[in-house]
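Some notes on the structure that comes next.
The values are calculated or read from the model by the stated rules, or taken from the named source; none is laboratory data. Worth saying up front: this structure is predicted, and the values here are computed from it rather than measured. Neighbour counts run over all protein chains shown; Cβ positions are idealised from the backbone, glycine included. The area values use the complete protein model at the heavy-atom level, side chains included, leaving out ligands, DNA and RNA. Shrake-Rupley method; radii C 1.70, N 1.55, O 1.52, S 1.80 Å.
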Amino acid sequence: MYAAFAVQSELDVLKTLRVTVEQGLSQTEVEHRLAQNGKNVLVALETKWVELLLRQFKSPYIYLLIVAAILSIALDDLMTGIFIFLFITIDVVLTFFQEFRSEKILSMLKKYFIHQVRVVREGKEVECVSSVLVSGDIIHLEPGDIIPADVRFLGGSQLTVDESSLTGESEPVKKDGGVMTTNKSDLFHAPNMGFSGTHVIDGSATAIVVATGSESVVGSIGKLTVQTK
């Protein structure tokens, strides 16, 4: 989604999202878009560790091995039965820790969704919780701010952003409000785009929200951590 907005002019982006920089969105439109697209939060099912552990035994594969182990012991093949139970234990433990680690990653990602953001609503700059941001919201960013959603920078924005939480690159990235001349899908090639969970190191900017919640880059990662088998 962000790649399409990166190659659009500022005027086209505003037109696509039906908003103006000066007025922002009306409260009525915000409520409509919230109802349509949901809140700006990571939407993924979190599971307690006990449930994760018990879930490892809900598999026909495990049931067959348990039956095989019991039959082996019943037929006086104790060593085979012990080895089968050992294999079951190893399988359950490894799978449990993989899924438990994914749950921890999701919790870690959630901390990048900040609680307060400055947004233009009905011609006034107000503070609101980031969970009620919607596509088309006009926000203001300053040094120290965590970008609360995927955004397209507007005007002559000149700032430096730390994107290490997404890309792993330790070097800050220069951002501006210019138009990209080619459509690139790599995060590194989007100087006019900001992504939720990254934070502003230097400079200030006005930006328009283009994706929230599970539609954002961080949101898609959050879904993958708990849905990938």
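For the reader, a short list of remarks on this structure follows.
- Some residue of region 171-182 being hydroxyl-bearing (Ser, Thr, Tyr) and at pLDDT 80 or above: no
- Of residues in region 148-165 being under 20 Å from Leu14 (Cβ atoms) and not in a strand (DSSP E or B), the one most open to solvent (accessible area, probe 1.4 Å): Gly156
- So Val134, is it part of a loop (DSSP other than H, G, I, E, B), of a type in the set (A, V, I, L, M), in contact with a strand residue (DSSP E or B) (Cβ under 8 Å, 6 or more places away or on another chain) and modelled with pLDDT of 90 or more: yes
- Candidates are the residues of region 146-162 that are in contact (Cβ under 8 Å) with a residue 60 or more places away in the chain and among the charged types (D, E, K, R); the one that is nearest to Gly177 (Cα to Cα) is Arg152.
- Being in a helix (DSSP H, G or I), closer than 28 Å to Phe100 by Cβ and touching a residue at least 12 places away in the same chain (Cβ under 8 Å) is a property that Leu65 has.
- Contact map, region 82-93: residues that are closer than 13 Å to Leu54 by Cα paired with residues that are of a type outside the set (Gly, Ala, Ser) and open to solvent by 80 Å² or more (accessible area, probe 1.4 Å), Cβ distance under 8 Å, separation 6+ or inter-chain. Pairs shown: Val92/Phe57.
- Count of region 1-39 residues which are open to solvent by 30 Å² or more (accessible area, probe 1.4 Å) and assigned to a helix (DSSP H, G or I): 16
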